[in-house]
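Inspection log for the structure reproduced underneath, given as structure tokens.
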Amino acid sequence: MENNYSVYFHPNAEKELLDSLGWYELSKKDLGIEFMTEINKVLDLIELNPLLFSIKRKLFREAVVKKFPYLIIYKIDFTSKKINILSIFNTNRNPRLKYSPK
């Protein structure tokens, strides 16, 4: 069965991803590459099986990123077959900010 879902990033999620990538690259050589590898593994899982992760709040789902303190928060639009990434959320931040755009 072929999956026809497309992944779209909210501008804030894209900024969070790029900011985090930059921080890891400055922290240690190749750590940014490792971070992106783990993010891409989770994004691939989400794209392959959007229902894999359970609903946490108002139809939003949270996927845990291994090795890094991040969640990928997303919502599925079944009509348009889109996976909308709301946030690449650092779990060291205040959890009340998870569903709030910056």
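Among the conditions (1) within 11 Å of the chain's Cα centre (by Cα); (2) farther than 25 Å from SER6 by Cβ; (3) not charged (D, E, K, R), the only one that LEU86 does not satisfy is (2). Taking segment 1-32 as the range and being surrounded by 13 or more Cβ atoms within 10 Å (Cβ to Cβ), closer than 12 Å to ILE88 by Cβ and of a type in the set (D, E, K, R) as the test, the residues that pass are GLU14, LYS15, GLU16.
One line per residue, one yes/no per condition, for (1) at pLDDT below 95; (2) among the basic types (Lys, Arg); (3) surrounded by fewer than 11 Cβ atoms within 10 Å (Cβ to Cβ):
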position: GLU34; (1), (2), (3): no, no, no
position: LYS41; (1), (2), (3): no, yes, no
position: LEU48; (1), (2), (3): yes, no, yes
position: PHE68; (1), (2), (3): no, no, no
position: TYR74; (1), (2), (3): no, no, no
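The values are calculated or read from the model by the stated rules, or taken from the named source; none is laboratory data. Remember, it's a predicted structure, so these values are computed and weren't measured experimentally. Ideal geometry is used to build each Cβ from the backbone, glycine not excepted, and the neighbour counts take in all protein chains shown.
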